[in-house]
Amino acid sequence: MTLHLVLGGTRSGKSARAEQLAARSGFPVAYVATGSAFDEEMSERIAAHRERRPDSWRTVETTDIDAALRDLPGDTCVLIDDLDSWITDQMGQGWLWTDAILARLDENQRAAWKRILAAAEAWRDIAKSRPGPVIVAAGQPGGGLIPTAAASRRWLDLHGEVVQVLSESADECELVVAGRALPLPAMERTEAPERFPEHRLREHGDTQVPEGAVDLAVNVLEGPPQWLADRLSEAAKDLAAYPDQRTARAAAAARHGRQPSECLLLNGAAEGFWLLAQELRPKHAVCVHPTFTEGEAALRAAGVPVTRIFRESGQWTFDPADVPDEADFVLLTRPDNPTGALDPVATVERLCRPGRTVVVDEAFADFLPDGTGMAARVDLPGLVAVRSLTKLWGIAGLRVGYLLADAATVARLDAARQPWPVSSLALEAIQTCASAEDERAERVRGVARDREALLEALADIPGLRTWPAAANFVLIRTDEADLRERLLADGLALRRGDTFPGLDRHHLRIAVRDGSTTDRLRTALTRHLKGAT
C-alpha cells in the first residue's frame, strides 16, 4: 500500500510521530521492535516506547524484518522501530564491526555490505507490495564531525545508504525536528518512469479498502441487478454439464456485428492481456500511461520489452506519433482508467498498421452512451478490443469478459488455453447481458447523473482539481500528499494514484457512488482542504 519513512535525531520525537501515523492509519497495528536492551539506559528507553503503545497493538520483537513483513496479516499497518538497531545487527552478522581506528573493508566485508543493502531493498519491496501501510522510523545521524573510529564511520555510511534505499521508493518521507514533522519533497516519478517498481503494477483498488471503510476505490457498480441475479440463480440449478460456449460466444459477437470466430470469451478481461502477452510474445511493446497496469504486468511477466509513453497531464491526451515505428504491440485504455479520458477514434486509427497489434482495453466502454467503442471495427489491421462485463453489471466476482479480433488471432489464442476456461454461470451472464441494451442504457444514465453530481460537489473546493470522465470514476489532484490517509481516518477509501505510472500521491481516483456518499465525501474533503465550516 504505502511506505512512510520517518527520520529524526535522538529525542527528536520521530518514534512518537511514527506511532501517531500508525494510529491514524485505520488499520490494526503491528509494532516491529528491532532494538534490544544492552544496558540499563536502553532498557528504560524500550520500556517508555512500550508503555506508549495501545493495548490493541501487536508487538513483534525481531531483527528479521523480511520475515515479519511476510508473516504479518496483509491488512495490518506495520510500524518498524527502529532501523538503526537493524543496521547494527546486520553489521554484526557481516563481521563489519572493528576496534581498529583505521580499517579498510576487505573483500568479504564489501560483499557483506552489498548483502545488507540488498536485504534492505528486498524487505522494502515486500513492504511496498503489502495491502496495509508500512511505517519505518530511522535515526538521522551524521550531522556532526566525522568520527575517528572505523566502526563508527562504517555504521554512519551504511546507515546513510540504507536510508537512501528506503527513501528511493518511499511514498512519503518526513524529518522530525523538535517534535515537528517536516515533509521532504517527493521524488517526481513522471520524470523517471523507469523507476516505477514493477511489483506495483499488480496492485489494484480491491487491496486498498480497509474493513469497514466506504469503498470509493473499486470502480464496479453495485450488483448484480435483480433480473440478472435471478437468471444466474436459475442457471445454477443445472451445473452438471460441462460449459458450452457456442451460444454465449455468438451473442457477444453479434452484439458488435462480428462473427463468432472473431470473439474469444474470457475468464475476466484481465485474462486477455495475459493470453496476448504469452502467446504473441511481441518484440517491442508500448503501454500508454497512466492506465490499468495489469496489461503491462502481463507483458513483463512474459519477458517482453516495454516502453512507456505518457499522456499530457493537462488534458490526458497523447500523440500517436510518440509511439516508436518499430513497436509491434501497443496497449491503451479507452475510456482510460484512471484519468477518464476518451481518446478520439482517429487516435486509435493512426496506431493501427499491418504487423502491429493494437490492444484497446474497453473495460469501461459499456459506460459510453452507445456502448460500442472500437469492438465493431473490422477494417483496422491488428486491432484487438478487450471487453469486461464486470464493471457495469456488478459481477466482478464472476470474472466475465471477452475480446474481439481477427479470426486468426482468436484461433491462436484459443488454442493456447485449457479446456472449458469459462464457467457456465459466466456464459449465462455473457448471453444475458449481451441482449440487455435497454437495461445497460438505463444503468449508464444513472451513472452519468451521479458522476455529474460528484463533479459538481467537488467543483468549488479550493485546492482540488478534477477532470471530465467518460466512465464511473473521477480523477482528482490536490497539493496534499497525505489526503488519502486523512480520508481513511474518516472511513472513506479512495484509490491511490501513485500505483499508476505517471501519477503520484497527489492524485486520487474516486468511484462514482450515490448522492449520500458524495455528500459525505464532499464534507470530508472540504474539512481537510479548506478547514472546518
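The values are calculated or read from the model by the stated rules, or taken from the named source; none is laboratory data. All values reported here derive from a predicted model rather than from experimental measurement. Methodologically, a virtual Cβ is constructed for each residue, glycine included, from the backbone with ideal geometry; neighbour enumeration extends over all protein chains shown.
Among residues of the range 452-494 being out of contact with any Asp or Glu (no Cβ under 8 Å at 6 or more places or on another chain) and among the small types (G, A, S), the one that is farthest from R505 (Cα to Cα) is A453. Here is the figure for the range 332-357: residues that are over 18 Å from the mean Cα position of the chain (by Cα) and either in a strand (DSSP E or B) or hydrophobic (A, V, I, L, M, F, W, C) (or both) total 8.
Counting the residues of the range 412-458 that are within 12 Å of L265 (Cα to Cα), hydrophobic (A, V, I, L, M, F, W, C), over 27 Å from the mean Cα position of the chain (by Cα) and part of a helix (DSSP H, G or I) gives 4.
Residue-wise test of (1) out of contact with any helix residue (DSSP H, G or I) (no Cβ under 9 Å at 6 or more places or on another chain); (2) of a type outside the set (S, T, Y); (3) closer than 16 Å to D361 by Cβ.
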site	(1), (2), (3)
A248	no, yes, no
A253	no, yes, no
Q259	no, yes, no
A269	no, yes, yes
W274	no, yes, yes
H284	yes, yes, no
H289	no, yes, yes
F292	no, yes, yes
A297	no, yes, yes
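Screening R484 against (1) in a helix (DSSP H, G or I); (2) within 16 Å of the chain's Cα centre (by Cα); (3) farther than 22 Å from A181 by Cβ leaves a single unmet condition, (3).
In a residue-by-residue description of the range 410-418, the property of being at pLDDT 95 or above, on the phi < 0 side of the Ramachandran plot and buried (at least 20 other Cβ atoms within 10 Å of the Cβ) applies to at least one position.
If you go through the range 313-328 one residue at a time, do you hit one that is within 26 Å of the chain's Cα centre (by Cα) and free of Cβ contacts under 8 Å to residues at least 12 places away in the same chain? So far as the range 313-328 goes, yes, one or more of its residues are within 26 Å of the chain's Cα centre (by Cα) and free of Cβ contacts under 8 Å to residues at least 12 places away in the same chain.
I'd like to check something: does the range 125-140 contain any residue that is under 38 Å from the mean Cα position of the chain (by Cα) and without any contact (Cβ under 8 Å) to a residue 60 or more places away in the chain? Checking the range 125-140: not a single residue is under 38 Å from the mean Cα position of the chain (by Cα) and without any contact (Cβ under 8 Å) to a residue 60 or more places away in the chain.
Exactly one residue out of R189, R258, R249 is in contact with a Pro (Cβ under 8 Å, 6 or more places away or on another chain) and at pLDDT 90 or above, and it is R249.
Mind telling me which of the residues G491, G463, G502 ends up being in contact with a Phe, Trp or Tyr (Cβ under 7 Å, 6 or more places away or on another chain) and at pLDDT below 95?
Exactly one residue qualifies, and that residue is G502.
Counting only residues that are in contact with a strand residue (DSSP E or B) (Cβ under 9 Å, 6 or more places away or on another chain) and among the β-branched types (V, I, T), which one in the range 331-361 is farthest from G502 (Cα to Cα)? The extreme case among them is T357. Just the residues that are without any contact (Cβ under 8 Å) to a residue 60 or more places away in the chain and not in a helix (DSSP H, G or I), please, taken from the range 358-384. Residues satisfying the conditions are V358, V360, E362, D370, G373, M374, R377, D379, L380, P381, G382, L383. Selection of first residues in the range 90-105 that are on the phi > 0 side of the Ramachandran plot and of second residues that are of a type in the set (A, V, I, L, M, F, W, C), restricted to Cβ pairs under 9 Å at least 6 apart or on distinct chains, gives the following pairs, ordered by first then second residue: W95/A112.
Entry remark, the range 244-266: residues being surrounded by fewer than 18 Cβ atoms within 10 Å (Cβ to Cβ) and touching a residue at least 24 places away in the same chain (Cβ under 8 Å) number 6 in total. Among the residues of this structure, A524 counts as one that is modelled with pLDDT of 90 or more and either surrounded by fewer than 23 Cβ atoms within 10 Å (Cβ to Cβ) or not hydrophobic (A, V, I, L, M, F, W, C) (or both). Of the residues in the range 286-305, how many are surrounded by 22 or more Cβ atoms within 10 Å (Cβ to Cβ) and touching a strand residue (DSSP E or B) at 6+ places or on another chain (Cβ under 7 Å)? Residues in the range 286-305 being surrounded by 22 or more Cβ atoms within 10 Å (Cβ to Cβ) and touching a strand residue (DSSP E or B) at 6+ places or on another chain (Cβ under 7 Å): 9 in total. When E452 is tested against the conditions (1) acidic (D, E); (2) modelled with pLDDT under 95; (3) outside the structural domain of T357 (by TED's automatic domain parsing), the lone failure is (2).
Would the range 206-229 turn up any residue that is at pLDDT below 90, under 25 Å from A301 (Cα atoms) and in a helix (DSSP H, G or I)? Within the range 206-229 (the criterion being at pLDDT below 90, under 25 Å from A301 (Cα atoms) and in a helix (DSSP H, G or I)), the answer is yes, since at least one residue qualifies.
Yes/no per residue for (1) outside the structural domain of E480 (by TED's automatic domain parsing); (2) over 15 Å from D336 (Cα atoms); (3) not in a helix (DSSP H, G or I):
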site	(1), (2), (3)
D498	no, yes, yes
G502	no, no, yes
L508	no, no, yes
R513	no, yes, yes
T517	no, yes, no
R522	no, yes, no
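Taken together, the criteria exclude D328 from residues that are in contact with a strand residue (DSSP E or B) (Cβ under 9 Å, 6 or more places away or on another chain), closer than 22 Å to N267 by Cβ and not basic (K, R).
For the range 153-178, a residue qualifies if it is assigned to a loop (DSSP other than H, G, I, E, B) and modelled with pLDDT of 90 or more, and exactly one does: A178. In the range 8-24, the residues that are within 13 Å of D81 (Cα to Cα) form Cβ pairs under 6 Å with partners that are polar (S, T, N, Q), at six or more places apart or across chains, as follows: G8/Q140. Among the residues of the range 77-85, are any of a type in the set (A, V, I, L, M, F, W, C), more than 29 Å from E211 (Cα to Cα) and either outside any loop (DSSP other than H, G, I, E, B) or touching a strand residue (DSSP E or B) at 6+ places or on another chain (Cβ under 8 Å) (or both)? The answer is yes; a qualifying residue exists.
So in the range 367-390, with the set limited to residues that are charged (D, E, K, R) and surrounded by fewer than 24 Cβ atoms within 10 Å (Cβ to Cβ), which one is nearest to D438 (Cα to Cα)? Looking at residues that are charged (D, E, K, R) and surrounded by fewer than 24 Cβ atoms within 10 Å (Cβ to Cβ), I get D370.
Residues in the range 94-117 that are in contact with a Lys or Arg (Cβ under 9 Å, 6 or more places away or on another chain) and in a helix (DSSP H, G or I) were compared, and the one that is modelled with the lowest pLDDT is Q109.
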